[in-house]
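The values are calculated or read from the model by the stated rules, or taken from the named source; none is laboratory data. None of the values given here were measured: they were computed from a predicted structure. No Cβ is skipped: glycine too gets one built from the backbone with ideal geometry, and neighbour counts run over all protein chains shown.
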């Protein structure tokens with residue numbers, strides 16, 4: 001039985017366990033199942049009390065997938081949530097990652113993609 005399968009089995013007993021849900025998302029990432037991982041991390045960011053580490057991990061994964069603008073938006077939301085929860089360390093980590101992105105992924109002329117339609 002794989003680690004992912006073990007986590008899934010434990011989640012059957014307690015489907016709301018935040019750490020198990022987070023662990024499952026990270027297992028999906030390590031298996032290369034990025035869409036599933038990002039979906040599960042996204043669910044954690046939308047919980048009644050959002051799980052702050054999920055913002056950071058999802059943003060890192062988005063950066064790895066060259067989805068920079070999505071990562072940037074998620075980091076901004078994560079920083080705000082971390083501050084709301086009093087987690088200055090997480091806010092600082094996410095701020096550092098956001099800063100490191102600089103202008104990566106920014107499109108300065110949004111109409112350039114429309115040239116293919118001509």
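For the residues 70, 9, 39, 80, the requirement of being loosely packed, with under 15 Cβ neighbours inside 10 Å, part of a helix (DSSP H, G or I), under 12 Å from the mean Cα position of the chain (by Cα) and modelled with pLDDT of 95 or more singles out 39.
Among the candidates 40, 29, 4, the residue that is touching a helix residue (DSSP H, G or I) at 6+ places or on another chain (Cβ under 8 Å) and more than 23 Å from residue 93 (Cβ to Cβ) is uniquely 4.
For every residue, the table says whether it meets (1) at negative phi; (2) crowded, with 16+ Cβ neighbours inside 10 Å; (3) assigned to a helix (DSSP H, G or I); (4) modelled with pLDDT of 95 or more.
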residue: 29; (1), (2), (3), (4): yes, yes, yes, yes
residue: 35; (1), (2), (3), (4): yes, no, yes, yes
residue: 50; (1), (2), (3), (4): yes, yes, no, yes
residue: 55; (1), (2), (3), (4): yes, yes, yes, yes
residue: 58; (1), (2), (3), (4): yes, yes, yes, yes
residue: 61; (1), (2), (3), (4): yes, yes, yes, yes
residue: 74; (1), (2), (3), (4): yes, yes, yes, yes
residue: 98; (1), (2), (3), (4): yes, yes, yes, yes
